[in-house]
Amino acid sequence: MDGFAVRAGDAGVGARLPVVARIAAGSPAERPLQAGEAMAISTGGVVPEGADTVIPLELVEDSGDAIEIREAVASGANVRERGSDVRTGDTILEPGMRLGPAQVGALAAAGIHEVQCAKRPRVGILVTGSELKQPGAELGPGEIYESNGLLLATALQLAGAVPAQLGVVGDDADELERAMERALLGFDMLVTSGGASVGPHDLVRETQAGLRVEEIFWGVAVKPGKPVAFGVRRDHLVFNLPGNPVSVLVTFELFVRPAVNALLGLPEPEAVFRQGALTASVRRNADRDQFIRARSRREGDAVVLEPISGQESHMIARAGRADALIEVVAGDGEVAAGSSVRYLPLS
């Protein structure tokens, strides 16, 4: 604090002390403080040896070469002890922590100018479907706007990856093979959308098999998002997500984001669920866990979750109003309004 460094025992109300030095930040006093003296000190200045207290300017009458104490302060007041924030040998950051503003500031304050970091994974995004057109283009019969590429690029960027949109590939086996082979060579991870189900135009999994991608699983008990596949080729990860955009939104949070977290070196990469209360009852699905889009809000200390209208897997425009995914575990009957449920926040 801007004020005067003193010994608390000398600084009772009405005491008059000579000012024997003036200390600026970065310029310590040339000698210790003696009994019955004061030294002017600026914020950030080194408290001189012999002083145990700093009295703020507002609590003294300053005549230039002396001060008169108008209000006493306790010993140790307005003094930051050396080593009170960090000491030699302390751990500043644990391995696996993300570097945000506070973390970078902590490293700099400890004098650490260089750290070893995990590489941000480079992720290729390949969208399939002959019916897809870029937003802004004129739609022809049977065509729809492509939204999954932008959805995935945004989600990957926020997750800490470096995304690259590789465009839209039509339902053509040769074109798809060429695009996937390039992507598998150039990226740490490949994420596709569409073409991973069992229809006659779903060519992704068959094409990958020809490119020596080892499929680890296909199909999950999740709604929306059942036709999800995951495979590897050497050290490259490959996720095949459904074509419906809400299914992409859900399966990214459940499967792709944890994989990105693992590549970033986070010690607990799995999805982190929170607790909230339902505002309306929700019917369970007998066979699959559901992830219901909802809006969250705080009521006192609790989070309440209001399911949005329109839960079909193509309804991404309606899902744009949601900021949470409510987990509804498979089973019979319904989850009643007011029940405590788990949810994932949507970033």
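On the basis of being at pLDDT below 95, farther than 16 Å from LEU176 by Cβ and in a loop (DSSP other than H, G, I, E, B), does PRO227 make the cut?
Working: at pLDDT below 95: yes; farther than 16 Å from LEU176 by Cβ: yes; in a loop (DSSP other than H, G, I, E, B): yes.
Yes: the conditions hold for PRO227.
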Given (1) in contact with a Ser or Thr (Cβ under 8 Å, 6 or more places away or on another chain); (2) farther than 23 Å from LEU237 by Cα, number of the condition ARG82 does not satisfy: (1)
Number of the exception - LEU264 against (1) closer than 24 Å to GLY333 by Cα; (2) crowded, with 17+ Cβ neighbours inside 10 Å; (3) within 23 Å of the chain's Cα centre (by Cα): (1)
Selection from the stretch 116-168 of residues that are farther than 21 Å from PRO242 by Cα and among the acidic types (Asp, Glu): GLU138
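Does LEU263 fit the bill of being on the phi < 0 side of the Ramachandran plot and in contact with a Pro (Cβ under 6 Å, 6 or more places away or on another chain)?
When the stated conditions are applied, LEU263 passes them.
What about GLY167, is it assigned to a loop (DSSP other than H, G, I, E, B) and either among the hydrophobic types (A, V, I, L, M, F, W, C) or more than 25 Å from the chain's Cα centre (by Cα) (or both)? Quick ask: steps written out before the conclusion?
On the way: assigned to a loop (DSSP other than H, G, I, E, B): no; either among the hydrophobic types (A, V, I, L, M, F, W, C) or more than 25 Å from the chain's Cα centre (by Cα) (or both): yes.
Against the criterion (assigned to a loop (DSSP other than H, G, I, E, B) and either among the hydrophobic types (A, V, I, L, M, F, W, C) or more than 25 Å from the chain's Cα centre (by Cα) (or both)), GLY167 does not qualify.
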Enumeration of residues in the stretch 153-185 that are open to solvent by 30 Å² or more (accessible area, probe 1.4 Å) and either in contact (Cβ under 8 Å) with a residue 60 or more places away in the chain or on the phi > 0 side of the Ramachandran plot (or both): LEU158, GLY167
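I'd like the full set of residues that are in contact with a strand residue (DSSP E or B) (Cβ under 7 Å, 6 or more places away or on another chain) and either among the β-branched types (Val, Ile, Thr) or open to solvent by 30 Å² or more (accessible area, probe 1.4 Å) (or both), limited to the stretch 60-84.
Here is the first cut: in the stretch 60-84, the residues in contact with a strand residue (DSSP E or B) (Cβ under 7 Å, 6 or more places away or on another chain) are 60-61, 65-70, 73, 75-79.
The answer is VAL60, GLU61, ASP65, ILE67, GLU68, ILE69, ARG70, VAL73, SER75, GLY76, ASN78, VAL79.
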Whichever residue in the stretch 304-342 is under 22 Å from the mean Cα position of the chain (by Cα) and touching a residue at least 40 places away in the same chain (Cβ under 8 Å) and, among such residues, is farthest from VAL282 (Cα to Cα): ALA319
Conditions (1) under 20 Å from LEU132 (Cβ atoms); (2) open to solvent by less than 30 Å² (accessible area, probe 1.4 Å); (3) at pLDDT 95 or above: number failed by THR207: (3)
The stretch 286-303: number of residues that are open to solvent by 30 Å² or more (accessible area, probe 1.4 Å), of a type in the set (D, E, K, R) and either closer than 17 Å to VAL250 by Cα or in contact (Cβ under 8 Å) with a residue 12 or more places away in the chain (or both): 4
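Just to be sure I understand, how many residues within the stretch 111-152 are within 16 Å of GLY186 (Cβ to Cβ) and open to solvent by 20 Å² or more (accessible area, probe 1.4 Å)?
The initial filter retains those residues of the stretch 111-152 that are within 16 Å of GLY186 (Cβ to Cβ), namely 119-126.
From the residues that got through so far, the ones that are open to solvent by 20 Å² or more (accessible area, probe 1.4 Å) too are 119-120, 122.
Looking only at that region, the number is 3.
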Number of the condition not met by ALA324 [criteria: (1) under 19 Å from PHE255 (Cβ atoms); (2) open to solvent by 20 Å² or more (accessible area, probe 1.4 Å)]: (2)
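The values are calculated or read from the model by the stated rules, or taken from the named source; none is laboratory data. Computed from a predicted model, the values in this text were never measured in an experiment. Heads up, the Cβs are rebuilt from the backbone with ideal geometry, glycines too, and the neighbour counts pull from every protein chain shown. Quick note on the areas: whole protein, heavy atoms, side chains included, nothing else; ligands and nucleic acids left out. Shrake-Rupley method; radii C 1.70, N 1.55, O 1.52, S 1.80 Å.
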